[in-house]
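The values are calculated or read from the model by the stated rules, or taken from the named source; none is laboratory data. Computed from a predicted structure; not experimentally measured. Positions of Cβ are backbone-derived with ideal geometry, glycine not excepted, and every protein chain shown enters the neighbour counts.
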């Protein structure tokens, strides 16, 4: 697994912050925020692109694609998998990204709309396209099998990882690199989020009575997937297993979630994994910290798990790494797998006050030692698109 | 008889939600008018643009009816010192 996030530039640092419940949320530093209603974000800090890429390659890479490549490099190195010629055409790359290279698009449009230039930089399109991350991973490692990107807003990474999982499980490919990447810190996009009135004026407090909204985050996480037998045979470091994937659509409202849609996706993931609800010990919640999501997600979990909902640990790690949109599910998949492997459930940070409408065991503020055999990771997107992954230790 | 500010707000609601103007009254709740949360955000955006005011998230999220919207708008206009001048357009 590979990850770069507001909590660290690699898996070890990110996991240390997660298990200690230390948020990576703070004043946005990469942009002038004097004209924004919100001030805080979860940015990747202490990151020097030139330490990772040669100048000519950097010209081609928006920040979101840089993150995708860095996470993929880490994941492949960690896995020990070599993309030999026989494997190249039988390996997939499936990534998620919601907004692609927004900063590149923004600067191109500023040139023509504001600066009266009659030209936009010719690399604007290849830097902006949402599949840039997947394509650069494919090119760098010579992966010539199915390579594509899924863009389903906040569910992008879970949809991507679910598709990759199904392709590996069915034997369509022998291995896959999958996850998500995002870098939404461009001024135009931040103003658009401001207009939606869902970004918190302070921090992200999922399931807390005084929650005020989400905090935007950035980063990427990638996993190498292969059949269990193949991983064991080559002596790979195995972090965990994806055992099920379920998806659904609310078919309701473009921004207001239902509880039935998320419940249906959780049930579908359990069915795909051939698990009973009471086998699940932990859910990494979508848990955005908006009034609407957290209440609806609580209801959906109660709907699916019944009395077992009271035995479940449910935490939102968005309280620490922020809401990284199309990368969110990937960051949270890493958190979920590490929680099971290290036997520590990362907390819901920034929690202050219980909310009767969010009456789950949300592991407030302090990580908790726990043996979890099976877990779910939820992603629910604007547009009513729900994607849930089931994991085994 | 509603004042000019109220009339303008009613016009904006009718235009934003594509409702017959006579259906929008000074006492309507957003629910009665069929405005969901996204419609309400859109409406407040139109009001901000029309009257050149800025509505905080806390205030915006507390508004669920026409009288509340008008009341909050008049407070904001009074604070910005332009309440006696009516809409800027």
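Before we move on, is residue A:81 under 25 Å from residue A:239 (Cα atoms) and not in a loop (DSSP other than H, G, I, E, B)?
No; evaluated as a whole, the condition is false for this residue.
The residue list B:30, B:51 contains one member that is at pLDDT 95 or above, within 14 Å of another protein chain (Cβ to nearest Cβ) and buried (at least 18 other Cβ atoms within 10 Å of the Cβ), which is B:30. Filtering the range A:208-227 to residues that are out of contact with any strand residue (DSSP E or B) (no Cβ under 7 Å at 6 or more places or on another chain) and not in a strand (DSSP E or B) leaves A:210, A:211, A:212, A:227. If the condition is being within 14 Å of another protein chain (Cβ to nearest Cβ) and either touching a residue at least 40 places away in the same chain (Cβ under 8 Å) or in contact with a helix residue (DSSP H, G or I) (Cβ under 8 Å, 6 or more places away or on another chain) (or both), then the range A:170-192 contributes only A:191. Does residue A:280 satisfy the criteria of being in contact (Cβ under 8 Å) with a residue 40 or more places away in the chain, over 26 Å from residue A:200 (Cβ atoms) and not assigned by TED's automatic domain parsing to the domain that holds residue A:87? Yes: the conditions hold for residue A:280. Scan the range A:138-184 for residues that are under 17 Å from residue A:380 (Cα atoms) and surrounded by fewer than 23 Cβ atoms within 10 Å (Cβ to Cβ) and the total you get is 3.
With respect to (1) in contact with a helix residue (DSSP H, G or I) (Cβ under 6 Å, 6 or more places away or on another chain); (2) farther than 25 Å from residue A:15 by Cβ; (3) in the same structural domain as residue A:178 (by TED's automatic domain parsing), the lone exception for residue A:229 is condition (1).
The single condition from (1) out of contact with any strand residue (DSSP E or B) (no Cβ under 6 Å at 6 or more places or on another chain); (2) closer than 25 Å to residue A:220 by Cβ that residue A:114 fails is (2). Scanning the range A:100-144 for residues that are more than 16 Å from residue A:67 (Cα to Cα) and not in a loop (DSSP other than H, G, I, E, B) yields A:105, A:106, A:107, A:108, A:109, A:110, A:111, A:112, A:113, A:124, A:125.
Among the conditions (1) modelled with pLDDT under 95; (2) part of a strand (DSSP E or B), residue A:256 misses just one, which is (2).
For the range A:24-69, filtered to residues that are in a loop (DSSP other than H, G, I, E, B) and touching a strand residue (DSSP E or B) at 6+ places or on another chain (Cβ under 7 Å), the residue that is farthest from residue A:191 (Cα to Cα) is A:24. Within the range A:198-223, the set of residues being surrounded by fewer than 21 Cβ atoms within 10 Å (Cβ to Cβ) and within 12 Å of chain B (Cβ to nearest Cβ) comprises A:201, A:202, A:210.
Looking at B:12, B:43, just one residue is within 14 Å of another protein chain (Cβ to nearest Cβ), in contact with a helix residue (DSSP H, G or I) (Cβ under 6 Å, 6 or more places away or on another chain), touching a residue at least 24 places away in the same chain (Cβ under 8 Å) and part of a helix (DSSP H, G or I), and that residue is B:43. Condition (residue is crowded, with 23+ Cβ neighbours inside 10 Å, in contact with a helix residue (DSSP H, G or I) (Cβ under 9 Å, 6 or more places away or on another chain) and either under 24 Å from residue A:213 (Cα atoms) or assigned by TED's automatic domain parsing to the domain that holds residue A:273 (or both)) applied to the range A:85-97: is it met by at least one residue? Yes. Restricting attention to the range A:274-299, the residues that are within 19 Å of residue A:372 (Cα to Cα) and surrounded by fewer than 23 Cβ atoms within 10 Å (Cβ to Cβ) add up to 7. Any chance the range B:60-70 includes a residue that's within 28 Å of residue A:257 (Cα to Cα), over 11 Å from the mean Cα position of the chain (by Cα) and in a helix (DSSP H, G or I)? So far as the range B:60-70 goes, yes, one or more of its residues are within 28 Å of residue A:257 (Cα to Cα), over 11 Å from the mean Cα position of the chain (by Cα) and in a helix (DSSP H, G or I).
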